[in-house]
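See below for the structure under consideration.
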Amino acid sequence: MAHFIIENIGPITHTEFDLNRVNVFIGPQSVGKSTIAKIISFCLWLEKTAIRQQNVDNIDLTFIEEKLISYHKMNSYFRKESHISYHGTAINMEYIYQMPPIVEKTNVFPEAEIGKVAYIPAERSIISMGNVSSFKLGEDYVREFIFEWLTARSKFVKENAVQIPGTDVSYYYDETRGDTIELLNGNPIFLTESSSGLQSATPLFIYCKYVAEWIYTHNADMSYEELNKVLEGVSRMLFKALSQDTTPPNVLKGNRYEDNAELMTNFARVVLSDENHNNFEPSYKFLIRYAERLRKPHFTQLIIEEPELNLFPETQVEILYSILRLIQNERKDSLIITTHSPYILYALNNCMLANIVRDKMPQSKMGKIKCSDIILNPNDVSVYELEGGTFRPIEHNIDAGKYTIQDNSGLIRQNFFDRIMGGIMDDFNSLLQYRYK
């Protein structure tokens, strides 16, 4: 389970947490929810990249500045006290602003599996704008999501149209029309002409379906950059095997990978081309299996900013349920959400409560519950409320050193939304007593 410490970045003063299977961050605007989501996304991606290329030596200060601070548009968020600590499965990283990061491999680094890190930003509706692929954008997370979307949408042609949860419409991609919404009456319209809700929900759900379902039943697309990382990983593993061989072939030029990189890379290209495998020495056929492990993700890590954007409450709930169903599998899929929506929070609570009472409630009644098919153990859920630059735990948790707003059973209790609604109702009741005077 990954462990994070984030200090003095943007509005965050101090947060410390373990990443769970389902993680939710709530709170008012500008309290640091997106800051946390972006740092989680970066650290998970960093770990995947390090595993793929079997190397952490290139992770220096310039790397952090380009791939975290600039990429996630956080230049004004960092100051001299800024600090990130990440302890993951394969790597540990410590970063203090403007200091070279300290990155260490864990014992399981060579055998660690890679995940598909899927960051879905609040700006996702940009894909509904015409000719989005021609936009000149900086090398940041919005541009990356557009490129990922252009790949994902092509998998869902009319024959594989997908119904958008909580709506009566379906989505498919047409090479002539582009992104297409099919209405209940069968008439197609352009996504660019659809409602703001559909322009938010469509890229959200279709992309989730692509990264949590499609890529595990098909050969997923890889970018040139990703293929080069796999190539480097296989090259380094080959060099390690040759270096440790008791009777190494007389091909190595010293004991440094850098001195042998060209030779190792040429051999790795043969491995990745899926040709001449029968000609490999038996002791090195493990490279074929290793290459496949680096090529394909073994689990998906979804990071979603505000899934409720522009959506009717019922649609918010159905979108959440549908995403939870996508990650309900034997893999180690995980979900990170930032939200302002009480409906998202209460629907998540229902999923956990359904799991608690599953064996007590008559099946005939359980079958009528919308989330009855979602198995969500409360121990797999962490819900955090941000306030004043840190987490505000419920009173029951303070002495126990817990920072979630969940009780001992895992259910969500005192929270921002309940307090706001309580204040509104207090005002209403105070006004109501004068209604008929």
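Sequence-distant contacts, meaning Cα pairs under 8 Å at least 6 residues apart, place the relative contact order of the chain at 20 percent. Sparsely packed loop sites in region 129-193 (the chymotrypsin sites (Phe, Trp or Tyr not before Pro) outside DSSP H, G, I, E and B with at most 14 other Cβ atoms within 10 Å) comprise Phe135. Remark: region 64-78, residue by residue, has Karplus-estimated 3J(HN,Hα) of 4, 5, 7, 8, 10, 5, 6, 4, 9, 6, 10, 4, 8, 8, 9 Hz, where x stands for each Gly or Pro and the curve is 6.51 cos²θ - 1.76 cosθ + 1.60 at θ = phi - 60°. Against the main long axis of the alpha-carbon atoms of the chain, helix 33-53 sits at an angle near 20°.
Does region 72-142 come out rounded, prolate or oblate by the C-alpha gyration tensor, with a ≥ b ≥ c the root eigenvalues, rounded set by a/c under 1.5 and, if not, prolate when a/b is larger than b/c and oblate if not? Oblate, since a/c reaches 1.5 and b/c is not below a/b. Counting every alpha-carbon pair across the chain, the share separated by more than 37 Å comes to 33%. The angle between the Cα long axis of helix 261-272 and the longest principal axis of the Cα atoms of the chain comes to about 60 degrees, rounded to the nearest 10. For region 173-215, averaging the sequence separation of C-alpha pairs within contact (under 8 Å, six or more residues apart) and dividing by the residue count gives a relative contact order of 21 percent.
Legend: distances between Cα atoms for Lys33/Lys136; Lys155/Lys209; Lys158/Lys209; pairs beyond 20 Å are Lys33/Lys136. Helical content of the chain, expressed as a calculated mean residue ellipticity at 222 nm, amounts to -11000 deg cm²/dmol (DSSP H runs of 4 or more residues, -39,500 (n - 2.57) each, divided by residue number, nearest 500). Indicate the gyration tensor shape class of region 79-220 (rounded, prolate or oblate), computed on the Cα atoms with a ≥ b ≥ c the square roots of the eigenvalues: a/c under 1.5 is rounded; otherwise a/b larger than b/c is prolate and the rest oblate. It comes out prolate by the Cα gyration axes.
Seen from Arg419, the other residues with C-beta closer than 15 Å to its C-beta sum to a net charge of -4, counting Lys and Arg as +1 and Asp and Glu as -1.
In a reduced charge model with +1 at each Lys and Arg Cβ and -1 at each Asp and Glu Cβ, the chain shows a dipole moment near 600 debye about its Cα centre. Protection proxy ranking, highest mean first, for peptides 411-418, 219-226, 33-40: 33-40, 411-418, 219-226, where packing is the per-residue count of other beta-carbon atoms within 10 Å, averaged. A simple count of charges around Ile26, restricted to other residues whose Cβ falls under 15 Å of its Cβ and scoring Lys, Arg +1 and Asp, Glu -1, yields -2.
Between the helical axis of 196-212 and the dominant principal axis of the chain, each derived from Cα atoms, what acute angle in degrees is found, rounded to the nearest 10? Approximately 40 degrees, to the nearest ten. In this structure the amide hydrogen of Phe156, modeled in the peptide plane, comes within under 5 Å of the amide hydrogens of Tyr173, none closer than 5 places in sequence on its chain.
Mean sequence separation of contacting Cα pairs (under 8 Å, at least six apart), scaled by the length of region 1-146, corresponds to a relative contact order of 24 percent. When the chain is treated as a GNM with alpha-carbon contacts under 10 Å, the residue of Asp333, Asp168, Asp18 showing the greatest mean-square fluctuation is Asp168.
Restricting region 59-145 to trypsin sites (Lys or Arg not before Pro) that sit in a DSSP loop and have at most 11 other Cβ atoms within 10 Å of their own Cβ leaves Arg79, Lys80, Lys136.
Excluding same-chain residues fewer than 8 positions from Lys229, which lysines have a Cα within less than 24 Å of its Cα? Those lysines meeting the cut-off are Lys38, Lys48, Lys67, Lys105, Lys116, Lys240, Lys253, Lys285, Lys296, Lys332.
Checking every one of the chymotrypsin sites (Phe, Trp or Tyr not before Pro) in region 281-368 against DSSP loop status and a limit of 11 other Cβ atoms within 10 Å picks out no site at all.
Computed from the coordinates by the stated procedures, all read-outs in this text should not be read as laboratory data. Not measured: the values here are computed from a predicted model. Quick reminder, even Gly has a Cβ in these numbers, built from the backbone with ideal geometry, and neighbours come from all protein chains shown.
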